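> Dropping the structure in here first, questions after.
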Amino acid sequence: MEINRSIELFKALADLSRLRILRTLAEGEQYGEEIAKRLGLAVSTVSFHLKKLAKAGLVIAKREQYYTVYQLNSAAMRTSLQDLLAGESGDEEIQAKRMAHFRSAVLNTFMPDGRLHKIPVQKKKRLIVLQSLLQEFHPERSYSEEEINRRLGIYSDDYCTLRRLLIDEGLMARRDGSYWLVDGQPQPPEQKESKESSASDYAAQAGKDTEMTDRSALKRSYKEMKIPMGIYCVRNRQNGKVLIGSYPNLNAILNRVRAQLRFNSFPNAELQADFNRLGEDQFDFEILDKIEVIDGDRSRAEEELKLLEELWLNKLSPYGEKGYNRPPKTKD
């Protein structure tokens, strides 16, 4: 129940005359003059208290020709003390919106393009960033250190620091060279080969699960991975509007977009508003095009990715009524 409503009810009941009026009305509906006569009160006094009770929703007034008849509001009278003391749902919604806005602001500041430019010093902000990285990991499987580094390397070259922070903050656990999410169940190392890899699993491209402690070797290995790059699309089924974007890791970006929309922290306000109003089932998350990285030359592939994005933007023109993308700036 809303806190203002609870306060109003408490105030209405904190008067002996009003309690006597409610007790009288419990016998049945009555006129104001009749109540005044039975309780020995002035008609003006009874009228004053009845208005207070009606405002609090405890009494219902209805006109019958030239008189006003009063009766108890049975629904309000069934309100329990627990209902009056319950938390205000509006406050919870406001807090949730504030937190979502704060999360969005933090991610837009430190990860404006999906890459982590700087690790936040403030613990609260650092946890938001670290939690956003957990989308790369399945809660019911474990990972080698090499896999951890490769997945975190998508977001930052300083993956060793990120890996250590995930452990220090209690978001991941480690045992015998295996890592897993704390909320998940660790998979014993000897059972790894029998488990089917998830869609975003890089193990098949990583080769053998060997320990790599040399940082330059890890960077080189990351650059040589054939992570799918390309163009993605979020499509509104109701009105056909689309959001077009590019990303160097298609496996990660769709999960990231979904997570941000679910947490009400997606940077595109118009798309977020439609998502909140219509629900997730009214949106499609699609991969429109892919780029193959040849001989590990990711820098060249990233240049091609920009050109490919421009082609798709020109093709679909996702601006205004057609889409959620911001229209390109016109040159003078």
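The values are calculated or read from the model by the stated rules, or taken from the named source; none is laboratory data. These figures come from a predicted structure and were not determined experimentally. Note that we place each Cβ from the backbone using ideal geometry, even for glycine, and neighbour counts take in every protein chain shown.
> Among (1) under 25 Å from SER246 (Cβ atoms); (2) β-branched (Val, Ile, Thr); (3) modelled with pLDDT under 90, which single condition is VAL182 missing?
That leaves (1) as the condition not met.
> Filter region 163-184 down to residues that are surrounded by fewer than 21 Cβ atoms within 10 Å (Cβ to Cβ), among the aliphatic types (A, V, I, L, M) and touching a residue at least 24 places away in the same chain (Cβ under 8 Å), then give me how many there are.
Residues that pass the stated criteria total 3.
> Tell me, please, whether a residue that is touching an Asp or Glu at 6+ places or on another chain (Cβ under 6 Å), surrounded by 15 or more Cβ atoms within 10 Å (Cβ to Cβ) and assigned to a loop (DSSP other than H, G, I, E, B) can be found in region 55-71.
Within region 55-71, one or more residues are touching an Asp or Glu at 6+ places or on another chain (Cβ under 6 Å), surrounded by 15 or more Cβ atoms within 10 Å (Cβ to Cβ) and assigned to a loop (DSSP other than H, G, I, E, B).
> I'd like the residue in region 263-283 that is farther than 15 Å from ASN239 by Cα and touching a residue at least 24 places away in the same chain (Cβ under 8 Å) and, out of all such residues, is surrounded by the fewest Cβ atoms within 10 Å (Cβ to Cβ).
If we take residues in region 263-283 being farther than 15 Å from ASN239 by Cα and touching a residue at least 24 places away in the same chain (Cβ under 8 Å), then PRO267 is surrounded by the fewest Cβ atoms within 10 Å (Cβ to Cβ).
> Looking for something in contact with a helix residue (DSSP H, G or I) (Cβ under 8 Å, 6 or more places away or on another chain), of a type outside the set (Gly, Ala, Ser), assigned to a loop (DSSP other than H, G, I, E, B) and surrounded by fewer than 18 Cβ atoms within 10 Å (Cβ to Cβ) - is there at least one such residue anywhere in region 126-146?
No.
> Based on what the data block shows, is ALA100 at pLDDT below 85, buried (at least 16 other Cβ atoms within 10 Å of the Cβ) and within 35 Å of the chain's Cα centre (by Cα)?
Values: at pLDDT below 85: yes; buried (at least 16 other Cβ atoms within 10 Å of the Cβ): yes; within 35 Å of the chain's Cα centre (by Cα): yes.
Yes: the conditions hold for ALA100.
> Select from region 27-54 the residues that are touching a strand residue (DSSP E or B) at 6+ places or on another chain (Cβ under 6 Å) and part of a loop (DSSP other than H, G, I, E, B) and list them in ascending order.
Correct list: GLU29 only.
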